[in-house]
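Structure first, commentary second.
Bear in mind that the values in this text are calculations on the coordinates, not laboratory data. Only a predicted model underlies this, so the values are computations on that prediction, with no experimental measurement involved. Here the Cβ is made from the backbone with ideal geometry for all residues, glycine too, and neighbour counts use every protein chain on show.
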Amino acid sequence: MQEYFEIGQIVNTFGIKGEVKVNPFTDDLKRFEELKSILVEKNKQLLEFEIENVRYQKHLVILKLKNIDDMNIAEKYKGCYIKIHRKDARELPEGTYFIADIIGSQVITDDGKVLGKVDDIYNTGSNDIYVVKDELGKQILLPNIKEVILDIDIEKQVVTVHLLDGLI
């Protein structure tokens, strides 16, 4: 299982006092208000920053991080991903999973046929879509509905599915 979760990406600076604009990867923007610190991945290293202030601009989060006090310093982190440790993640309701824990799982049908591995998951608004790739790179798109996704075993990294007529 992944030790860290990506929760956003620094996309730009904001103002002259070192604030950064963050494109959030979380469903709940207010989630940033619950965090005391974040990890910024720069040059394959995780740097910890204390959060001093959180505010919002449209769909973006504006963060003021401790020891980043001017625009020139903030500019150095543009494009960097923001992560949190798994222990700092919210508890999920039963039957829901972190996308990072499902990606890479083997996908098999309820009659035992191997379809490939979960390559990506994206949200359409009404439900998630699992992108499954086989060994040849062929993609299958599966909706995350109870009639299709029968079981997710995070420990074994296996997703069991039922193929409705017309899915493939």
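Of the trypsin sites (Lys or Arg not before Pro) in the range 118-149, the ones in a loop by DSSP (not H, G, I, E or B) with at most 16 other beta carbons within 10 Å are Lys138, Lys146. By the Stokes-Einstein formula, at 0.692 mPa s and 37 °C, the chain with its Kirkwood radius over alpha-carbon pairs has D equal to 184 µm²/s. When only Cα pairs under 8 Å and 6 or more residues apart are kept, what is the percent relative contact order across the range 99-161? Reported relative contact order: 32 percent.
In terms of the Cα gyration tensor, with a ≥ b ≥ c the square roots of its eigenvalues, is the range 100-152 rounded because a/c is under 1.5, prolate because a/b exceeds b/c, or oblate?
Since a/c reaches 1.5 but b/c is at least a/b, the shape of the range 100-152 is classed as oblate.
Summing +1 for each Lys or Arg and -1 for each Asp or Glu, what net charge is found among the other residues whose Cβ lies under 10 Å from the Cβ of Tyr77? Value of the local net charge: +1. Seen from all directions on average, the range 4-88 presents a Cα convex hull projection of 4.9 nm². Listed by chain and number, the aspartates and glutamates placed with their C-alpha closer than 17 angstrom to that of Lys58 are Glu19, Asp27, Asp28, Glu33; residues fewer than eight positions away on the same chain are left out. Across the chain, Cα pairs under 8 Å and at least six residues apart give a relative contact order of 19 percent. If you take the charge dipole of the range 25-129 about its Cα centre, with +1 on Lys and Arg Cβ and -1 on Asp and Glu Cβ, which of Val107, Ile51, Ala74 is farthest toward its positive end? Sorting the options by dipole projection puts first Ala74. Summing Cβ point charges (Lys, Arg +1; Asp, Glu -1) relative to the Cα centre of the range 1-107 gives a dipole of roughly 340 debye. Of all the options Leu60, Leu92, Leu35, the one that moves most in a Gaussian network model of the chain with Cα springs shorter than 10 angstrom is Leu92. For the chain, the mean residue ellipticity at 222 nm estimated from helices alone is -1000 deg cm²/dmol, where every DSSP H run of n ≥ 4 contributes -39500 (n - 2.57) and the total is divided by all residues, rounded to the nearest 500.
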